[in-house]
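Here is the structure we will look at, set down as structure tokens.
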Amino acid sequence: MINRVKGTQDFIDVTLFNYAISKIEKHLRSYHFTEIKTPLIENIELFKRSLGTVTDVVNKEMFIIKPAQADGIETLCLRPEATAPIVRAFIENTITRLPWKVFSTGPMFRYERPQKGRYRQFHQTTIEVIGSASIAQDAQFITMLDRLFHETFKLDNYTLNINFLGTYEDRKKYTTVLKTFLDKQITGALCKLCQLRKDSNIMRVFDCKNADCQKIYQDAPQIIDNLSNESKKEWEQLKEYLDLLSVSYSYTPTLERRLDYYNKTVFEFASQSLGSQSAFCGGGRYDQLVHMLGGPKEMPSLGAAIGIERLLLLLEPIRDRLTIDQESALHIIIPFSKDQKVLALLLADELRSHDLCTDVIVDNASVKSMMRKANKMGATYVLMLGEDEQKMGKVLVKNMTNGTEEHVAQIDVVKHLKK
Ligand code: HAM
């Protein structure tokens, strides 16, 4: 027995998964987004350059692929996220229609420690707007996500956490201010990990789980107080838009997101009921990424990704409140003996050509056991074909919901089932 790889999942019933994806897609299309697909494998350099070499995703969590025939130059990996690949596709396909509003759904791969809501292969719907600088775009984008979660999925147990990182220059300046503050702490006050992060990726210190460190960070200078006037104005404007659009949010000065490419607006939708892996959607602005990945000029952009597995954890308990399409009625044809098998297969063809979901029990068994099997399969109607029915050109139709049986002429069967 070979088991599934650690941190991966089998989806034996995809009803809720497909429901969630189709609702997300419908919602995004109504905001004028179109779907694209990019490969699962990319050059590792793409992520080093975009996510940053000191982030955990690149440093520790990459699934690196070494093809048997590799020429030693190319180093490939399974994509850990889709923003960098979408930006690559934007540049490589010389897209000129701006803003480019696209979404893409598919699996991502991160070699993280598996736990509830955290997998090594998981799904995201990534949504990007490339080529739009207006802060009103941020407001529209965040509102779109909030409406999706609140109105379409009827979720009410989440918060929207927002922070504003300013421009890359603001962020750089703030880094110095924060470093001065941390350097002033007494030796040993910060945990070892925070000591390391202080010198490599300073805003990551806020992610520390250590209570003593968190106590120190309560008094840390906030990025919001270190913004340029222009950035301050944008932050005020964003808040005003969200208020006017009736989007509730919580200002979270420690929200930094784990990836390097962000500036200005960053946000996360999180739910306490998910436990420690509480964020089920996260994103923000990344105004320089297009240029960093080789685009001819800077291209202000923003986006987010919805973690599908975490969304499903939230939807499962309220499944009854969602309008998930019922599975279509199932028609099972039972030929009593091998002499009726061809007739059964032809009749099944006819039913399917009229969009009726149909299956034929082809393995020889007694009528009784075939009926039992049809029942187990969840048949709505069982169509029985014996020698008599074959001679009469009829079929015995049993309605499995109310138990009634009726002989129907074979040429009228579709009409009978559709009425
Ligand atoms: P991210 O925050 O790394 O952002 O991932 C987005 C969401 O994917 C998370 O909020 C979470 O729900 C889900 N997720 C992440 N890692 C895992 C995991 N190991 N297992 C299960 N779910 C997970 C990004 O990936 C950015 N590309 C988002 C973005 C798009 N920013 C701008 N555009």
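Applying 1/(1 + (r/R0)^6) with R0 = 60 Å to the Cβ-Cβ distance of residue 5 and residue 237, what FRET efficiency is obtained, to the nearest 0.05?
Working: r = 46 Å, r/R0 = 0.77.
Between residue 5 and residue 237 the formula returns 0.80.
Could you list the square roots of 5 times each eigenvalue of the Cα gyration tensor of the chain, that is, the equivalent ellipsoid semi-axes, sorted largest first and rounded to whole Å?
Values: eigenvalues 594, 107, 93 Å².
They are 55, 23, 22 Å, listed largest first.
Would you be so kind as to identify which of 369, 383, 348 lies farthest towards the positive end of the dipole of the stretch 344-386, taking Lys and Arg as +1 and Asp and Glu as -1 on Cβ and the Cα centre as origin?
Projecting each Cα onto the dipole axis, the largest value belongs to 369.
Which distance in nm do the two modelled labels at residue 297 and residue 150 give, with both placed 7 Å along the Cα-to-Cβ direction?
A separation of 3.7 nm, rounded to one decimal place.
For the pair residue 357/residue 159, report the inter-label distance in nm, with labels modelled 7 Å from Cα in the Cβ direction.
The answer from the label model is 4.2 nm.
How much of the accessible area of the stretch 205-294, probe 1.4 Å, is carbon plus sulfur, in whole percent?
Carbon and sulfur atoms account for 44 percent of the accessible area of the stretch 205-294.
Under 17 Å between alpha carbons, and skipping anything fewer than 8 positions from residue 184 in its own chain: which aspartates and glutamates qualify?
Within the straight-line limit of under 17 Å, residue 184 reaches these aspartates and glutamates: 199, 212, 219.
Once the piece of chain linking residue 316 and residue 200 is laid out straight, how much longer is it, given 0.36 nm per residue of separation minus the C-alpha distance between them?
Values: separation 116, 0.36 × 116 = 41.76 nm, distance 3.97 nm.
Taking 0.36 nm per residue and subtracting the Cα distance, the gain is 37.8 nm.
Multiplying the sequence separation of residue 407 and residue 40 by 0.36 nm and subtracting their Cα-Cα distance, what value in nm do you get?
Working: separation 367, 0.36 × 367 = 132.12 nm, distance 5.37 nm.
Stretched fully, the residue 407-residue 40 segment lengthens by 126.7 nm.
Residue separation times 0.36 nm, minus the C-alpha to C-alpha distance between residue 272 and residue 29: what's the value? Provide the component values of the computation, followed by the final result.
Numbers: separation 243, 0.36 × 243 = 87.48 nm, distance 2.94 nm.
Result: 84.5 nm gained on full extension.
Got the relative contact order for the stretch 229-316 handy, in percent, Cα pairs under 8 Å and 6 or more residues apart?
21 percent
Between residue 415 and residue 68, what is the spin-label point distance in nm, taking each point 7 Å from the Cα along the Cα→C-beta axis?
6.1 nm
Please report the spacing between the Cα centers of the stretch 131-179 and the stretch 205-232 in Å, no decimals.
So the separation of the two Cα centres works out to 17 Å.
On C-alpha positions alone, give me the angle between the axis of helix 135-147 and the longest principal axis of the chain, in degrees, nearest 10.
Roughly 40 degrees, rounded to the nearest 10.
Round to a whole number: what % of the accessible area of the stretch 14-89 belongs to carbon and sulfur, probe 1.4 Å?
On the way: 2140 of 3860 Å².
That fraction is 55 percent.
Using the heavy atoms of the protein chains and a 1.4 angstrom probe, tell me the accessible area per residue for the chain in square angstrom.
On the way: 21760 Å² over 419 residues.
Per residue, the chain has 52 Å² of solvent-accessible surface.
If contacts are Cα pairs under 8 angstrom and at least 6 residues apart, what is the relative contact order of the stretch 335-417 in percent? Let's see the in-between values first.
Numbers: 90 pairs, mean separation 21.6, N = 83.
Result for the stretch 335-417 is 26 percent.
So for the chain: antiparallel DSSP bridges make up what percent, rounded to the nearest 5?
Details: 50 of 63 bridges.
So the antiparallel bridges in the chain amount to around 80 percent.
The values are calculated or read from the model by the stated rules, or taken from the named source; none is laboratory data. Keep in mind the model is a prediction, meaning the values are calculated, not measured. A quick note on method: Cβ atoms are made from the backbone with ideal geometry, for glycine too, and the neighbour counts reach across all protein chains shown. With ligands, DNA and RNA removed, areas are computed over all heavy atoms of the protein, side chains included. Shrake-Rupley method; radii C 1.70, N 1.55, O 1.52, S 1.80 Å.
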